Amino acid sequence: MSTETIAPTDNSAAEALTDQEIFAAHEGGKLSIASTVPLANKRDLSIAYTPGVAEVSRAIHADPKLAKTHTWAQRLVAVVSDGTAVLGLGNIGPSASLPVMEGKSALFKAFGELDSIPLVLNTTDVDEIVETLVRLRPSFGAVNLEDIAAPRCFELEEKLIEALDCPVMHDDQHGTAVVVLAALTGAAKVTGRELEGLRVVVSGAGAAGIAVAEILLTAGIRDVVLLDSRGVINAARPDIAADPASKKAQMAQRSNPRGIAGGPAEALLGADVFVGVSSSKLAEEHLKLMNHSSIVFALSNPDPEVLPEVAVKYAAVVATGRSDFPNQINNVLAFPGIFRGALDAGARRITPAMKLAAARAIAGLAEENLSADYIVPSPLDPRVAPAVTAAVAAAAAEDGV
């Protein structure tokens, strides 16, 4: 699959985008299919198609494992969405989500050298989506779930992992979590802290927030507090106690070790780190409650929970999800290498150890030049995808998945 050219260079000055150039770039879609073999004469046709192709089909019928080496399926990622949580636009449906999925496929090609196919499905039923992808399984080698609303995204990912014998990852959850951990590793060093001793507040208990909390706990951070629209996630909160099987209830059992109750003020009092992955705003008065030389990741796009010029008055390190501010926390640092590493290793799963390996690889690339304005490499740094690929493949081999 060919995509538009994405130059692996970084422009320090962000130029204003115009509707004209945006719509011109998307007209006709952003992807096309390109042949990898010549089709210039009858001999070429006889090899690529009939009669030659029949020999390959017979061989695969006799030995199905040959499909991994003689078709593109083993290296093909299906980018799947139902259009229910697209960017900051919400539930806009599958057709409106397709430009985003095409863009995701373009990123897979440019940064991971992986082909991918956008699949937008006209259903929000978890079992129907699982059945659809099970039936399509011979056509692809991995599944990237994208822009699927919580809490269904949790159930869908879990069921697909069980149903499919190939890597499955919901990038809104785990890609975000991997890059947050990588950035926090760098920020902790810049501020002279140990990662494990950080007090972290995660604002947002949806797909990204739950995954961020999980990876931080897995990495050894002991004090993680989550906030949702009702306040601190606490096992004693009536709505959480009433639904013990929910992701929030499960997270309540693993997080908030000091038993904090209340809202943002109570959560942020004495906190070292704020990670925002929701549309909620962070008040300046709450920033004052955090510890000295705090760390603020305001990742909501396009409008951060707090503007960097406000956050820097109190925080030593500030990051956003935007390219026009320092320290962009961008999933493209993670997902191309994670999928490429999993496919290179022939892994059937993407494990927690593989995600940790990806985060450490990203963090390692920034170590030599760490500063308050450089805690992760640029998304356009050509070293990133190869480093993540190698680390994930090695972790997959060690896990034996």
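At-a-glance table
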item: Residue list for the range 29-50, restricted to those being open to solvent by 50 Å² or more (accessible area, probe 1.4 Å) and farther than 30 Å from residue 95 by Cα; result: 37, 38, 39, 40, 41, 42, 43, 45, 47, 49, 50
item: Which listed residue, of 144, 122, is open to solvent by 60 Å² or more (accessible area, probe 1.4 Å) and either modelled with pLDDT of 95 or more or in contact with a strand residue (DSSP E or B) (Cβ under 8 Å, 6 or more places away or on another chain) (or both); result: 122
item: Single residue of the range 354-380 satisfying the filter (free of Cβ contacts under 8 Å to residues at least 40 places away in the same chain and over 17 Å from the mean Cα position of the chain (by Cα)) that is most open to solvent (accessible area, probe 1.4 Å); result: 368
item: Single residue of the range 314-327 satisfying the filter (modelled with pLDDT of 95 or more and open to solvent by 30 Å² or more (accessible area, probe 1.4 Å)) that is farthest from residue 266 (Cα to Cα); result: 316
item: Sole residue being open to solvent by less than 20 Å² (accessible area, probe 1.4 Å) and in contact with a Lys or Arg (Cβ under 8 Å, 6 or more places away or on another chain), chosen from 275, 296, 306; result: 306
item: Residues located in the range 41-74, provided they are within 21 Å of residue 132 (Cβ to Cβ) and in contact with a Gly (Cβ under 6 Å, 6 or more places away or on another chain); result: 73, 74
item: In the range 51-76, the residues that are open to solvent by less than 90 Å² (accessible area, probe 1.4 Å), in a helix (DSSP H, G or I) and among the charged types (D, E, K, R); result: 75
item: Residues within the range 155-167 that are open to solvent by 10 Å² or more (accessible area, probe 1.4 Å) and either more than 14 Å from the chain's Cα centre (by Cα) or closer than 23 Å to residue 397 by Cβ (or both), tallied; result: 7
item: Members of the range 94-141 that are assigned to a loop (DSSP other than H, G, I, E, B) and in contact (Cβ under 8 Å) with a residue 12 or more places away in the chain; result: 113, 114, 121, 122, 123, 124, 140, 141
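The values are calculated or read from the model by the stated rules, or taken from the named source; none is laboratory data. On a predicted model such as this, the values are computed, not experimentally measured, just so you know. Using ideal geometry, Cβ is built from the backbone for each residue, glycine included, and neighbour counts are taken over all protein chains shown. Just so you know, the surface numbers come from the protein's heavy atoms only, side chains and all, with ligands and any DNA or RNA stripped out. Shrake-Rupley method; radii C 1.70, N 1.55, O 1.52, S 1.80 Å.
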